[in-house]
Amino acid sequence: MKFFIDTANLEQIKDAQDMGILDGVTTNPSLMAKEGITGTDNIMKHYVSICNLVDGDVSAEVISTDFDGMVREGEALAELHEQIVVKLPMIKDGVKACKYFSDKGIKTNMTLVFSAGQALLAAKAGATYVSPFIGRLDDISTDGLNLIAEIRMIYDNYGFETEILAASVRHTMHVIDCAKLGADVMTGPLSSITGLLNHPLTDIGLAKFLEDYKKGN
Ligand code: E4P
């Protein structure tokens, strides 16, 4: 399972990268705004800074909602760095743009996916990644994990190669449940990754080992 971090915060990206377990980064316009990165030029520069910090794929989202605009923006983003993945919204023109980029060998991530039907369209358009937003489904009392299971079954039925990128992950149990269900990738905040470290028996056991070592020395 690949681990992506869902942030535009360079410190947090570096933290995860330094652990040696990071496979990529996802961003969106809200995450950019949260870091105070505004204006096309600054946003483009920030994508390059992120790419220079990590080894894997970095999703960069278009803000156009029409095919021509998405193509123009996506091509500019893809030219920034070889690690850039063009992130496209799950709307009709987004699917069309996904097919366009897939045919050109440019990686894509179909975002804002909330149903199995949308995921099927993403796979048909040759998306590299499909991003079902599990946390936002949970927020409206709908089982986000069930969507991961449905997409896994559909993709396996037909051998679709689109990777299931569980997005809108909020906590460690989301990560573990997505791993059980066979999601290819998860993206979440740093806390959803570092939280996996925590176990009181590890802390108690380590303290005891160190204490016993001191007794013998
Ligand atoms: C990832 O690609 C999405 O932008 C992100 O996971 C959305 O997460 P949120 O629902 O916590 O905003």
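The values are calculated or read from the model by the stated rules, or taken from the named source; none is laboratory data. All of these numbers come straight from a predicted model, not from anything done at the bench. We place every Cβ from the backbone using ideal geometry, glycine too, and count neighbours over all the protein chains shown. Surface accessibility is based on the protein's heavy atoms, side chains included, excluding ligands, DNA and RNA. Shrake-Rupley method; radii C 1.70, N 1.55, O 1.52, S 1.80 Å.
Data table
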read-out: Residue 63-residue 179 pseudo-label distance in nm [points 7 Å out on the Cα-to-Cβ vector]; value: 3.7 nm
read-out: Inter-site label distance for residue 80 and residue 139 at 7 Å from Cα along Cβ, in nm; value: 2.3 nm
read-out: Modelled FRET efficiency - R0 35 Å, residue 91 with residue 171, Cβ distances, 0.05 increments; value: 0.75
read-out: Value of [θ]222 nm, deg cm²/dmol, for the chain, DSSP H segments ≥ 4, -39500 (n - 2.57) each, nearest 500; value: -16000 deg cm²/dmol
read-out: Segment residue 209-residue 41, extension gain: residue separation times 0.36 nm, minus the distance between their alpha carbons; value: 55.2 nm
read-out: Pairs of alpha carbons in segment 40-90 whose separation is greater than 12 Å (percent); value: 59 percent
read-out: Where GluC sites (Glu not before Pro) fall in DSSP loop in segment 53-160, at most 11 other Cβ within 10 Å; value: 82
read-out: The chain: most fluctuating residue of 15, 68, 41 per GNM, C-alpha cutoff 10 Å; value: 41
read-out: For the chain, built as a Gaussian network whose Cα springs stay under 10 Å, the top-fluctuating residue of 201, 88, 31; value: 201
read-out: Trypsin sites (Lys or Arg not before Pro) restricted to segment 110-217 and DSSP loop, no more than 11 other C-beta within 10 Å; value: none
read-out: Segment 23-120: Rg to Rh, with Rh as the Kirkwood radius over Cα pairs; value: 0.95
read-out: At q = 0.10, 0.14 Å⁻¹, base-10 log of I(q)/I(0) for the chain (Debye sum, equal scatterers on each alpha carbon); value: -0.45, -0.82
read-out: DSSP-loop GluC sites (Glu not before Pro) across segment 161-215, with at most 12 other Cβ within 10 angstrom; value: 161
read-out: Accessible carbon and sulfur surface of segment 149-217 relative to its total accessible area, %, 1.4 Å; value: 62 percent
read-out: Dipole moment magnitude, nearest 20 debye, segment 1-126 about Cα centre, only Lys, Arg, Asp, Glu C-beta charged; value: 460 debye
read-out: Around residue 132: net Lys/Arg minus Asp/Glu count, Cβ-Cβ under 11 Å; value: +1
read-out: 1.4 Å probe accessible area per residue over segment 158-217, in Å²; value: 62 Å²
read-out: Globularity index of segment 88-217, i.e. its alpha-carbon radius of gyration over 2.2 N^0.38 Å; value: 1.40
